[in-house]
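Before any comments, here is the structure.
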Amino acid sequence: MDTLPLDAFEIPATRVVAGNGVTHPVAAVLINTALPQLAQALDFRIDPQYDSRAVVGSLVKVKVSEQNHLGVVVSRKDSTDWQKPLRGIEGIASPLPLLSPTDLELLDRVALHYGVFSAQLLKYVLPNRRAEVEKSFTVPDLEWNLADKLPQSSTEISGAESLWARYRGGAQWFDALRAGSHPRAVVTSLPKDNAISAPPRFQDMAQLVQAVWARGEQSLLIYPTAEQATQAFLYLQRYFGAAGEHIVLYSSQSSPASQYRAFLAARFGRAAVVVGTRGAAFLPLEKPGLFYCWDNLHFALNSDMSPNFSARQVLLYRTDQSQASLVFEHYCVHAADLQLVQRGFAQGLAPDRTRLRESTARITVPDTEDLQSQGPSAGMLFPDRAVRIARQGLRRGPVLVLIPPDGEFSVVSCANCAQNAVCLRCHGPLQFRGSRLECARCGQVATDYSCPRCGSTRLRGRHLVSRTVIDDIGVNFKNTPVVVSRPGAEALDQIDQSSRLVVANPGAEPIAIDGYQAAIVLRPHMLSSRNTLWRTQEIMRRWLAAASLVAPGKPFYIAGGLEETLAQSLIRWDPWGTAQRDLLERLEGGFAPAWRTATIESAHIETVVDYLGQALEDFSYLGPVASRRGGGYRLIFVSVPLRQGPALGRALRALTLQMTGYRKGQAGGLYIQVDPEDPGGQVG
């Protein structure tokens, strides 16, 4: 990449600014903007009338190029390297310091991770201000103590008495939390315990919150969906009774006024517990004690807008920064979770095998021989064996039928054994481009391809479509009530134990009071045939979550074949083993979390490659391949060792500035995604 001859220019000298009676008259202001040209802190003059209110973290009004902006004061100083007269701030937007120096430091760390500037994250940190909420809000005095707000009826329990004793090492871990040592854990949640009536995932979380609250510290609880966050919020309000006013909800479905009220309560320590969705990950806390995330690798916890941040990654940085406790909990763990345990950052908590078997459904996955013995019915929407299992379950209560969401995708597979065709170089998905067979990830053309499973050289393209018709399912159960649950407004929360067929998409399964008496996964090939990096972890995550709703010992039948290793992991309920294999494959292939990665799309991809080759010591990439954006855009997939993560962030920042019109004739249009879920592009 050509560069300007900057060696001939002198670095601007720093000059002292006259204060006119103001101590530290220069304010460095971070403007709330997505423009990288304005994303670094800009200097403004503080006039005497604003001196006492323009403190670090306060929201101010400024003008840049005759455009009005809101910004946050990140520092006060006596000098500036801006050689022209400084423009004064226009006013104070809020009388309260909305961010602390710790919050601003967090912004810097997260922004560097994603190769952007801190200002580009402000839109996620600051909710829309509501003046009427500020007027009714009072900042707590110095004597305010959250521990005093805990109900007198809340008695502390020991680790041995807690639900955490159900996990190996859990009692000792919980005692360490109560003692204030802020331990961290990755937990494979126990699905069902007949000794308790409410979902264990709410009860064990409430015990964590109670222990942290008793120390006068705050808890931030993150859930993938607004529905789950609301359920957890309502449960905690019932659990803590009169103290429920110190528990707030911050979700995408909350009103702007409610969001701002929750923001202020969290920032100034009035809220003991904050329950929220992805957007709550940045919420400032006065006294952080616990960060908790349920189902931390759910796609909904990743922002779908630039810079595509992950709530999970934000919580990791917050934990490291504040030394608070961290808990990632779900029925499944993934390679990223296992990596935390292997590095000693967190402790892995799992139930022993005997207790796990007593608390889980019996998962059955037919192998090839079993499917052949079923004859033509194995290829039906509702195979005969699945019908028999469902009818037996309906004699005792509700039966869950899990169907894939409507959608379609294409794969190239072996015409003989249906094994997906993958690139021998990077194991990415192969696709037909005209008459050529090439990798969608690295662009390599596959010649003389032969199937690694059966050796066949014949390939075929398969277009898989899911259009499940509920009426077709009901044909086999004419006198049975059928209810349907879909994500969003059509989702059901809970059903009773009356006999019925519950048809649901993944993630929308309602809870049955005493558990489902059977569950059937229809058309599993719509997930298992996906040629994506996340396929294995999603199969384990989605189907173990669904199996957790089935009564202990009852059948969970997957109506289609899976590869032997994955099938055995499901049958044994062994997410840790699957995560271990996944992490090893990612380490070998150069994928996150074993490496720091990014996809970069540009119409000038050669310029991008040249620049990164100069900026990074140990840099490798796959591609370029044609981008789905069209218009001459091409995509590369970049990998660097973990130790070069900060260097990658700095390089992406510089690359963004270099290609956003700083020089005449230099085109913009640079699209970057850090640590993408799947470099092949099939997410969802």
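Any chance segment 112-130 includes a residue that's open to solvent by 40 Å² or more (accessible area, probe 1.4 Å) and either in a strand (DSSP E or B) or without any contact (Cβ under 8 Å) to a residue 60 or more places away in the chain (or both)? So far as segment 112-130 goes, no, none of its residues is open to solvent by 40 Å² or more (accessible area, probe 1.4 Å) and either in a strand (DSSP E or B) or without any contact (Cβ under 8 Å) to a residue 60 or more places away in the chain (or both).
For residue 509, the criteria (1) under 24 Å from residue 566 (Cα atoms); (2) touching a Ser or Thr at 6+ places or on another chain (Cβ under 6 Å) hold in every case but one, which is (2). With respect to being touching a Cys at 6+ places or on another chain (Cβ under 6 Å), open to solvent by less than 40 Å² (accessible area, probe 1.4 Å) and more than 23 Å from residue 551 (Cα to Cα), residue 456 fits the description.
In segment 466-476, is there at least one residue being small (Gly, Ala, Ser) and without any contact (Cβ under 8 Å) to a residue 40 or more places away in the chain? Yes; the residues of segment 466-476 include at least one that is small (Gly, Ala, Ser) and without any contact (Cβ under 8 Å) to a residue 40 or more places away in the chain. Within segment 11-62, the set of residues being open to solvent by 50 Å² or more (accessible area, probe 1.4 Å) and farther than 25 Å from residue 103 by Cβ comprises 11, 12, 13, 14, 15, 16, 18, 20, 21, 48, 49.
Yes or no, residue by residue, for (1) open to solvent by less than 10 Å² (accessible area, probe 1.4 Å); (2) modelled with pLDDT of 90 or more; (3) farther than 17 Å from residue 165 by Cα:
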{"site": "305", "(1), (2), (3)": "no, no, yes"}
{"site": "309", "(1), (2), (3)": "yes, yes, yes"}
{"site": "313", "(1), (2), (3)": "no, yes, yes"}
{"site": "323", "(1), (2), (3)": "no, yes, yes"}
{"site": "327", "(1), (2), (3)": "yes, yes, no"}
{"site": "333", "(1), (2), (3)": "yes, yes, yes"}
{"site": "345", "(1), (2), (3)": "no, yes, yes"}
{"site": "356", "(1), (2), (3)": "no, yes, no"}
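When the test is whether a residue is loosely packed, with under 13 Cβ neighbours inside 10 Å and more than 32 Å from the chain's Cα centre (by Cα), residue 416 does not pass it. Looking at residue 270, is it of a type in the set (D, E, K, R), closer than 30 Å to residue 678 by Cβ and either under 16 Å from the mean Cα position of the chain (by Cα) or open to solvent by 30 Å² or more (accessible area, probe 1.4 Å) (or both)? No, not satisfied.
Consider residue 265 carefully, then state whether it is assigned to a helix (DSSP H, G or I) and either under 19 Å from residue 231 (Cβ atoms) or touching a Pro at 6+ places or on another chain (Cβ under 9 Å) (or both). So residue 265 does not fit the description; no.
If you go through segment 383-430 and keep only what is polar (S, T, N, Q) and either at pLDDT 85 or above or part of a helix (DSSP H, G or I) (or both), you end up with just 392. Please specify each residue of segment 578-589 satisfying the condition of being under 15 Å from residue 428 (Cα atoms) and open to solvent by less than 10 Å² (accessible area, probe 1.4 Å). Residues satisfying the conditions do not exist here.
Restricted to segment 612-653, and to residues there that are among the charged types (D, E, K, R) and touching a residue at least 12 places away in the same chain (Cβ under 8 Å), the residue that is most open to solvent (accessible area, probe 1.4 Å) is 628.
Only residues that are within 26 Å of the chain's Cα centre (by Cα), in a helix (DSSP H, G or I) and not aliphatic (A, V, I, L, M) were counted across segment 541-567, and they come to 3. When segment 520-540 is filtered for residues that are among the charged types (D, E, K, R) and either open to solvent by less than 20 Å² (accessible area, probe 1.4 Å) or at pLDDT 95 or above (or both), only 538 remains. Of 509, 538, 490, all but one fail to be over 23 Å from the mean Cα position of the chain (by Cα) and not aliphatic (A, V, I, L, M); the exception is 490. Of the strands (runs of 3 or more DSSP E) lying entirely inside segment 5-104, those containing at least 1 residues that are among the small types (Gly, Ala, Ser) and under 38 Å from the mean Cα position of the chain (by Cα) span 26-31, 58-64, 67-77, 91-97. Selection of strands (runs of 3 or more DSSP E) fully inside segment 595-667 by the criterion of at least 1 residues being more than 17 Å from residue 306 (Cβ to Cβ), among the hydrophobic types (A, V, I, L, M, F, W, C) and at pLDDT below 90 returns 620-626.
All conditions in (1) free of Cβ contacts under 8 Å to residues at least 60 places away in the same chain; (2) in contact with a Ser or Thr (Cβ under 6 Å, 6 or more places away or on another chain); (3) open to solvent by less than 10 Å² (accessible area, probe 1.4 Å) hold for residue 252, with the sole exception of (3). Within segment 461-502, the set of residues being modelled with pLDDT under 85, of a type in the set (Lys, Arg) and open to solvent by 50 Å² or more (accessible area, probe 1.4 Å) comprises 467, 478.
The values are calculated or read from the model by the stated rules, or taken from the named source; none is laboratory data. It should be emphasised that the depicted structure is a prediction, and the values quoted were computed from it without experimental measurement. Methodologically, a virtual Cβ is constructed for each residue, glycine included, from the backbone with ideal geometry; neighbour enumeration extends over all protein chains shown. Accessible surface is based on the protein model in full, side chains and every heavy atom, while ligands, DNA and RNA are left aside. Shrake-Rupley method; radii C 1.70, N 1.55, O 1.52, S 1.80 Å.
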